[in-house]
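Participant: This is the structure I want to talk about, given as C-alpha cells.
The values are calculated or read from the model by the stated rules, or taken from the named source; none is laboratory data. Because the structure is predicted, anything quoted here is derived from the model rather than measured. Virtual Cβ from ideal backbone geometry, glycine too; neighbours counted across all protein chains shown. Remember, those area values only see protein heavy atoms, side chains included, never the ligands or the DNA or RNA. Shrake-Rupley method; radii C 1.70, N 1.55, O 1.52, S 1.80 Å.
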Amino acid sequence: MQLVSVPLKAPQRIGWLVLGFPIDQALAADMKALSGLDVALLVPQDNGSLRSTVSTLPAAATLTLTAARDEQVTLGGELMQLHPVSLPAGERAAQVLLLQSVDKALAPLRRLQWMLALITAAGVVVFGLGSVITARRVTTPLRALVRAADRLGQGDYSQPWVHAQRPDEIGQLASAFDQMRISIAGHQAEIHDLAFRDRLTGLPNRPAFRNALKTLIDRGGPAAPVAVLMFGLDRFKHVNDVLGYAFGDRLLQAVAGRVSGDAVRGKDLIARLGGDEFAVLLPDSDPARAEDVARRVAAALEQPLVLDDQTVDLSAAFGIACWPQHAGDADALLSRAEVAMYAAKRKTVPCVVYDPGIDSGSAQTLSLLSELRRALERNELRLFLQPKIALKTGAFIGAEALVRWQHPVRGMVPPLHFIPFAEQTGFVRLLTLWMFEECAKQWPMLHRLGVQRVSVNLSTRDLLDLELPQRLQAILQRHGVPASAFCLEITESAIMDEPQRALDILRTLSNSGYKLSIDDFGTGYSSLAYLKALPVDELKIDKSFVMAMEHDDDDAKIVRSTIDLAHNLGLSVVAEGIENATLWGLLRALGCDEGQGYHMCRPLPAAEMVGFAERWREASVPESLLVELS
C-alpha cells in the first residue's frame with residue numbers, strides 16, 4: 001500500500017487524514033501508460049533478496065534481484081535498461097524498477113544511421129558519377145590530344161587537332177597544338193624541299209633521284225626495266241673561270257630548262273646531281289631508248305645559249321646504265337652510269353653504254369666498300385700473324401697481326417686492294433676493332449707458345465678517335481687479356497696529321513699498359529724532338545732499308561744509326577723485311593732486338609701458329625733456317 005497522511009487543522013491540528021492506495025497491477029499499468037516505461041515493484045524477502053510482486057513485464061520475464069542498481073539485463077530475450085527508485089519503509093525498503101527496452105530506445109537512432117548511410121551512399125554514387133563525367137570530359141579530349149601527338153610524332157601533319165574549338169583550357173591547349181602542327185608541317189615541307197630539291201635549278205637533287213630510282217626498282221621488278229642517263233657538261237669549269245660563277249649558275253638554270261622541255265617524256269625524272277652533272281630517270285626503258293633520249297638532249301643543248309650578250313656553245317658527255325642487266329640495286333646503277341659518263345668524256349664520244357670492260361678498275365672500286373662492309377658481317381675476314389723473333393736468342397716472342405679478305409668470288413684479296421679505301425671512308429676503325437678482338441681471342445694460345453705480345457696497327461683515323469682507349473679496354477675486359485699483351489704500331493705520318501690530339505691518345509694508351517711502336521720508321525716526317533716527346537717503347541725499321549743494307553752502305557748506315565738512336569732513347573728496335581740469314585746476322589751484330597721477315601716465316605693464319613712454333617723449336621741454329629721452314 002502507498003499511504004498518504006494529511007494533518008487536519010481548525011486552525012489547530014485536530015487530527016490526521018490517512019489515505020491508502022494499493023500498489024497493484026492496475027497502478028503499474030497506469031504508470032506505464034503515463035511514462036512509456038515498464039514498471040516493477042520489488043519487495044524485500046526474508047532471505048534478503050528482492051522479488052517482483054507487481055510488474056508490467058510480460059509473464060515470461062521474471063525478475064529476481066539481490067540488489068537493484070542501474071544496469072542492463074536480458075529479460076525474455078530482450079536487452080533492458082534498469083533504473084531503481086527506493087521506497088523507504090522501515091528497515092527493508094521496497095524498490096520500484098523502471099525498465100525500457102534498449103533496442104526500442106535505439107530504434108530511432110538506427111533508423112537515423114540507416115538514413116545517413118543511404119544519404120552517404122547516394123552522395124558517393126553521385127560524386128562518382130560526377131567524377132566519371134568530369135574525368136571523361138577532361139580525359140577524352142586529352143586522349144584525343146595524345147593520339148594526335150602520336151600522329152604528329154610519326155610525321156602525319158594532315159589531320160587537324162580535335163577539340164581545338166572548345167572555349168575552355170583544353171580547347172586552348174588543343175588550339176596551341178594545332179598551331180604547332182601547322183608550323184611544324186610548314187617547316188617539314190621546307191626541310192623536305194631543301195633536302196630533295198636543288199635550290200639553283202629547282203630540279204630534284206641526288207638524294208631525291210636515288211629515292212625515286214630505288215622506289216621504281218622495288219615496285220617494278222625485273223619485268224619493268226629502268227635506265228639511268230647521266231650527263232656532264234663539257235668545258236663548264238672554263239666557263240666559270242672566264243665568265244664567273246654567277247654566269248655559270250645562270251647557265252645551269254638554262255640547261256635545266258632545256259632538258260625539261262620536249263627532250264624527255266612526262267614520266268621521266270630529271271635531276272641535277274651536283275656541279276655540272278645531270279641525270280634522267282627513264283622508266284620502262286632499255287639502252288636503245290636511253291640512247292634516243294641522249295640524242296634528243298644533246299640536240300637541245302646544241303643550240304647556242306646567249307646570256308648577257310655572251311654566246312656559249314654547249315655539249316655534254318652521256319653515260320647510260322640499265323637495270324637489271326648492269327646493276328642489282330639503285331646505288332650500283334648510279335655508280336655505273338657515272339662510270340659510263342666518265343668513259344665517254346675520256347674517249348671524247350657523245351654517249352657510252354655501261355660495259356664492265358670500259359673501266360673495270362673503277363667499277364671494282366665503286367663496289368669494293370659495300371662488299372667490304374658485307375665481308376665483316378659475313379665473317380669473310382681472316383686473321384694472319386707474322387712471327388717476331390728475338391735476334392739474339394732466336395726465341396719466338398711476338399707476332400704482328402695482319403688482315404686478309406677471303407672474298408667468295410675474287411678469292412684472297414690482298415690488303416693493299418682494300419685497306420686504302422677503308423682508311424679513306426673511316427671503315428678502318430671497324431677493321432682495327434675486329435683485328436683487336438680476334439687477337440684477344442687468340443691470346444691464350446699465343447701466350448702458351450711463348451709470345452709476349454701481339455702487334456696491331458693503328459691508322460690515322462684510329463688516332464683521331466677519342467673513344468679508342470675505352471673501346472679497346474672493353475675488348476680486353478671481355479676476354480680477360482692484359483693490355484701488356486698488345487703492342488700498338490703507329491706510322492709517323494699518322495702521328496704528324498694532328499700531333500697534339502694523337503699525343504693525347506698515345507699517352508692514354510701508354511698509361512693503360514700498352515706497348516707503343518712507331519712503324520716504318522725513317523719513311524715519315526717526324527722530328528727527333530717530337531720523337532723524344534712520344535710515349536713510345538719501340539722503333540720498327542722499314543723493310544726498304546733492311547732489305548737493301550746487304551748491298552748498300554748508305555742503307556746499312558741508316559739502319560745502324562736508327563738502332564743506336566733507339567737504344568740511346570731507351571727504345572727497343574724491330575727490323576722487318578729479313579729475307580735471308582745474312583741480314584739476320586748483320587742485324588744481330590748491330591744489336592737489333594727483334595726481327596720479322598720471310599726468312600723466318602711468312603704471315604700465317606692464326607691457327608697455324610702452333611705448327612710454326614713447334615718447327616721453330618726443333619731448329620737448333622736459327623740462322624741456318626731455310627725459307628721453306630715457313
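Participant: Once a ≥ b ≥ c are taken as the square roots of the eigenvalues of the Cα gyration tensor of region 310-359, is the result rounded (a/c under 1.5), prolate (a/b larger than b/c) or oblate (a/b not larger than b/c)?
Facilitator: It comes out prolate by the Cα gyration axes.
Participant: Would you work out the relative contact order for the chain, in percent, from Cα pairs under 8 angstrom that are 6 or more residues apart?
Facilitator: Computed value for the chain: 6 percent relative contact order.
Participant: So what J values fall out for region 17-33 if you push phi through Karplus, 6.51 cos²θ - 1.76 cosθ + 1.60 with θ = phi - 60°, rounded to Hz, Gly and Pro as x?
Facilitator: Those phi angles translate into 10, 10, 10, x, 10, x, 8, 10, 5, 5, 4, 4, 5, 4, 5, 5, 5 Hz.
Participant: State the percentage of accessible surface on the chain attributable to carbon and sulfur atoms; use a 1.4 Å probe and exclude ligands, DNA and RNA.
Facilitator: 56
Participant: Could you give the angle, 0 to 90 degrees to the nearest 10, between helix 245-259's Cα long axis and the longest principal axis of the Cα atoms of the chain?
Facilitator: The angle comes out near 80 degrees.
Participant: Sticking with this structure for a sec: If you average the alpha carbon positions of region 107-152 and of region 550-612, how far apart do those two centres end up, in angstrom?
Facilitator: Region 107-152 and region 550-612 have Cα centres separated by 89 Å.
Participant: Just how many % of Cα pairs in region 371-470 lie over 21 Å apart, if you round to the nearest whole percent?
Facilitator: 40
Participant: Here's another thing I want to ask about it. Give the peptides 602-612, 393-403 in descending order of average Cβ contacts within 10 Å, highest first.
Facilitator: Ranked by mean Cβ neighbours within 10 Å, highest first: 393-403, 602-612.
Participant: Under a 1.4 Å probe, what is the accessible area of the chain per residue, stated in Å²?
Facilitator: Per-residue accessible area for the chain comes out at 53 Å².
Participant: Oh, and also: Can you list the lysines whose alpha carbon sits under 22 Å from that of residue 345, skipping same-chain ones fewer than 8 residues off?
Facilitator: By straight Cα distance, residue 345 reaches 237.
Participant: Taking Cα atoms, how many degrees apart are the long axis of helix 102-153 and the longest axis of the chain, rounded to 10 and kept between 0 and 90?
Facilitator: Relative to the chain, helix 102-153 is tipped by roughly 20 degrees.
Participant: Still on this model: How charged is the neighbourhood of residue 214? Take every other residue with its Cβ under 9 Å from the Cβ of residue 214, and add Lys/Arg as +1 and Asp/Glu as -1.
Facilitator: Result for the local shell: -2.
Participant: On to the next question. Just order 341-349, 107-115, 272-280 by mean Cβ neighbour count inside 10 Å, highest at the front, would you?
Facilitator: Most protected by this proxy first, the peptides run 272-280, 341-349, 107-115.
Participant: For the chain, what does -39500 (n - 2.57) per DSSP helix run (n ≥ 4), summed and divided by total residues, give at 222 nm, in deg cm²/dmol to the nearest 500?
Facilitator: So the helix-based figure for the chain works out to -15000 deg cm²/dmol.
Participant: Taking every pair of Cα atoms in the chain, average 1/r, invert it to obtain the Kirkwood radius, and report Rg/Rh to two decimals.
Facilitator: The Rg/Rh ratio comes out at 1.49.
Participant: Rank-order 228-237, 439-448 by packing density, defined as the average count of other C-beta atoms within 10 Å over each peptide's residues, highest first.
Facilitator: Ranking, from highest mean packing down: 228-237, 439-448.
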